[in-house]
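Shown next, in structure tokens, is the structure this report addresses.
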Amino acid sequence: MKTSPSELDALTDNNLMLKVRDGDVDKLSLLFERYKKPLFGFFYHMNKDAELSEDLVQNVFYRILKYRYLFRGEGDFRTWMFHIARNVSHDHFRKNKLSAKDSLEDWQDRLGSDDNRSTSIQQEEEMQLLSMAMDRLPEEKREILLLSKFQDKKYKEIGEILGCSEGAVKVKVFRALQELKEMYQKLEARL
């Protein structure tokens, strides 16, 4: 029995992944469409390389397909997927021993247009400092801030991804924010 497009939209991520696990691999394309942008954002904030980020998104879905039999449907698909994404990122950087580039994102698009030119320049400088400070954080601290602040993951979900308690995640986020603040202030003092 075929599933209509409107029925596919109604299927939960877990239901789709269970269908993929059970051999209906075409359903993976809908999961890809749903999650390619959030995954790309996660990777891009880690490495500042659009082409690499696209490749890493592809690798995540390759691994989802390869290890589909491990999905039990008991937990949240997004948590399982971001756990795989985290492993893909670690494996890539371990294999290639790459560090994050010092290039900056085009923050101006995020800030929008501003009639006051000096305010716009100041905001751009602040965003550049913040980006530089993020780039200087250890990978695990940068990662936890990206999950909590840019991907809007709940602490419980991050704990499942990282394999630690919700309380431990709160501590890690707090410490990462403190270190980010210190790094930002050091960079600001140099100007």
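The values are calculated or read from the model by the stated rules, or taken from the named source; none is laboratory data. Since this is a predicted model, take the numbers as computed values, not measurements. Reconstructed Cβ throughout: ideal geometry from the backbone, glycine too, with neighbour counts over all protein chains shown. Heads up: the accessible areas ignore ligands, DNA and RNA and are worked out on the full protein's heavy atoms, side chains in. Shrake-Rupley method; radii C 1.70, N 1.55, O 1.52, S 1.80 Å.
Observations, loosely collected:
- Among the residues making up segment 147-169, those that are at pLDDT below 85, surrounded by fewer than 20 Cβ atoms within 10 Å (Cβ to Cβ) and in a helix (DSSP H, G or I) are 149, 150.
- Scanning segment 33-48 for residues that are open to solvent by 40 Å² or more (accessible area, probe 1.4 Å) and in contact with a Leu (Cβ under 9 Å, 6 or more places away or on another chain) yields 34, 40, 44.
- Pairing residues of segment 2-29 that are modelled with pLDDT of 55 or more with residues that are among the acidic types (Asp, Glu), at Cβ distances under 8 Å and at least 6 apart in sequence or on separate chains, gives 13/76; 14/76.
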